[in-house]
């Protein structure tokens with residue numbers, strides 16, 4: 001019990017606004033006790049209660065934000081599934097300079113409120129020395145297929161994911177031209193990064209290795225985390 005009291009006091013102290021409002025509860029309370037005017041007693045008592053409520057509210061907001069940060073996540077449909085579409089990437093066209101991808105995912109919302117996916121992007125990246133990475137090409141999905149959303153309407157509205165929901169599969173479609181001669185250079189040091197943007201949270205990334213030789217044939221290369 002005393003341990004949690006100490007944690008609460010430290011939380012108030014580290015929050016400047018909570019510290020100020022929390023500290024004001026003491027003088028307001030004392031003034032309400034020793035004031036000779038009944039109206040002043042009521043005023044200082046009300047101010048003490050208001051300062052205490054503000055302190056508790058500030059602490060609750062911080063805890064809520066920490067608990068619900070990045071509540072919306074996504075996962076690739078596993079390649080072991082025999083009934084659902086898998087994620088694949090293809091190199092096509094003359095000189096294999098056209099990249100096409102079908103990215104099948106489910107969204108998971110751990111919050112109680114409805115959240116919205118606002119963007120979904122695919123990047124081809126290169127792993128450099130000293131753990132550095134370089135983004136070579138990035139494109140956003142040009143269309144989507146799912147039971148709840150279809151086509152390009154999600155660009156304006158976002159994809160709604162209800163609270164505590166694991167969504168139906170969503171397949172994002174990508175197609176873009178690669179920089180000159182890049183397709184011939186793609187190797188084990190190159191990977192695909194998927195980026196999901198959602199309202200009121202930071203972006204979520206997923207890096208996927210790619211067997212680029214498989215991407216150069218008709219069946220394409222499957223994507224796994």
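With a bin width of 10 angstrom, please list the P(r) values of region 134-194 as percents of all Cα-Cα pairs, from the 0 bin to the one holding the largest distance.
Each 10 Å bin holds this share of Cα pairs: 17, 38, 26, 17, 1.
If only Cα atoms are counted, what is the Rg of region 72-222, and what is its Dmax, in Å?
So, for region 72-222, Rg and Dmax equal 15.8, 49 Å respectively.
State the volume of the convex hull built on the alpha-carbon positions of region 169-225, expressed per residue in Å³ and rounded to an integer.
Details: hull volume 7.5 nm³, N = 57.
Once divided by residue count, the hull of region 169-225 is 131 Å³.
Could you grab the Rg to Rh ratio for region 78-148? Cα atoms only, Kirkwood for Rh.
Values: Rg = 15.9 Å, Rh = 15.4 Å.
Value, to two decimals: 1.03.
Throughout, read-outs are computed from the coordinates displayed, never taken from laboratory work. Keep in mind the model is a prediction, meaning the values are calculated, not measured.
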